[in-house]
Amino acid sequence: MDDAEDEPPQAPTPFEGTQDSGEIGSEEGEDLATPTPFIREPKEEGEFDWDSTVQSAILGSFYWCYILSQVVGGVLTQHFGTKAVFGASQLVTAICSLCIPSAATLHYSALIVLRSIQGIASGLTWPAMYSIVGHWIPAVERSRFMSSFQGFSFGIGLTYPLCGFLIAHFGWRVVFYVTGTTGMLWCVMWYFLAFDTPATHPRIVAAELRYIESNVGNTVVGSKNGLLSGVPFLCSYLSSVFFCYLADVLVNKNLLTLTNVRKVFTAFSQIVPGLLLLAIGYLGCNVEMVLVSWFLAVILITASYAGAMASIVDIAPNLAGPVLAFAQTIHMTASFLSPLAAGFLLHENHTLEQWRHVFWVAAVVACVTYISFQCFGTADIQAWNYPDQKAPVPLNVESDSTPLRRQEEGEEEPATG
């Protein structure tokens, strides 16, 4: 799976557009090692005189802390619940965003501290989100719900053009004030509308509560648990909704078992994008075909939300937070390992032939990870999902859920007693 799918949206940093390093602010795709054969118009200098080392430290501080806090997020969610952990992480991130302009003016070290805090807080979000799924979403509807996690792609698709507009008309500081304020307003809504379990929701309808508990109660035990840049993410959100809806249809109509559905959609999200990425290396300067291949790869990657990513909740709905934290920690290492691997393969030689080697490695990794899931992946609940290895007695779903279904269909319940 593409690691970019799981990284939270980032606002532009205040030093983007500077040229003191000869690297930041140059046009994408330009070979910086060789002089350009034509003269460019001078670009506007950035506000801060930060060299490439400082810039790298600012950018990297978020991701290092983001990776390291994944497991912490799983543990905290088990003890305090999704509402507290997810809400607190978003609130801290929003407050830091509001402080970033002042920190940047004060000293770059203050900015690094804020970015590190944002990384730690953001690393708590994915384990917290996964933990709540097992309590609220029945297995037959879980694929459809997983598409909601792609909402961040929709947000990125809207944020990029919004940031461009704000920077052009009001300056870069306003971007952080707007996003920080929006985040804090969202936290207020989260506090009043989000609840860890259906039983703790004060406004849930009795029929809905009975339906949810009858369908998830036997698996979860009680515990405290720029416009062009945005287009691919907007498309990926829509595609994730489609894939997850299709997965639920296949399960509900008994066309495929849940395990086979997870494996089929994982194949779509791994094999096909891997082959498309490999094809990009052989398309030469055909920019249109390269863009089409890339867009298709980004769209198909979202099938993982109905595949391997959903299986995390399938196999351990009671421990989805910690399991996701463990998997996400491994997954997010690609954020810094992939640039290192690419740099090793390229050897300062950014030719198309060298880039093909990079694409081949990426394609092989994608295919090998799918083969591993094909061989060992499952949607069956594991014994270690239950504390003390004691699985609860299966609920009598027929007796609990039949009255609800009959009421939905307008049928009368048979008289008893």
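The values are calculated or read from the model by the stated rules, or taken from the named source; none is laboratory data. Note that this is a predicted model, so its numbers are computed, not measured. Positions of Cβ are generated from backbone atoms using ideal geometry, with glycine treated the same way; all protein chains shown enter the neighbour counts. Heavy atoms of the whole protein, side chains included, go into the accessibility calculation; ligands, DNA and RNA do not. Shrake-Rupley method; radii C 1.70, N 1.55, O 1.52, S 1.80 Å.
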R0 of 35 Å, Cβ-Cβ distance Asn260-Ser102: FRET efficiency to nearest 0.05
0.05
Where labels lie 7 Å past Cα in the beta-carbon direction, separation of Trp186 and Leu158 in nm:
0.9
Packing-wise, with mean Cβ within 10 Å as the measure, how do 108-121, 190-203, 161-174, 314-327 rank, highest first?
314-327, 108-121, 161-174, 190-203
Give the accessible surface of the range 52-218 per residue, rounded to a whole number of Å², with probe radius 1.4 Å and ligands, DNA and RNA excluded.
44
Quickly work out the His169-to-Val292 label distance, labels modelled 7 Å from Cα along the C-beta direction, and quote it in nm with one decimal.
3.6
So the carbon and sulfur contribution to the accessible area of the range 227-376, 1.4 Å probe, in percent, is 77
Dipole of the range 52-218, Cα-centred, from +1 at each Lys and Arg C-beta and -1 at each Asp and Glu C-beta, to the nearest 20 debye?
140
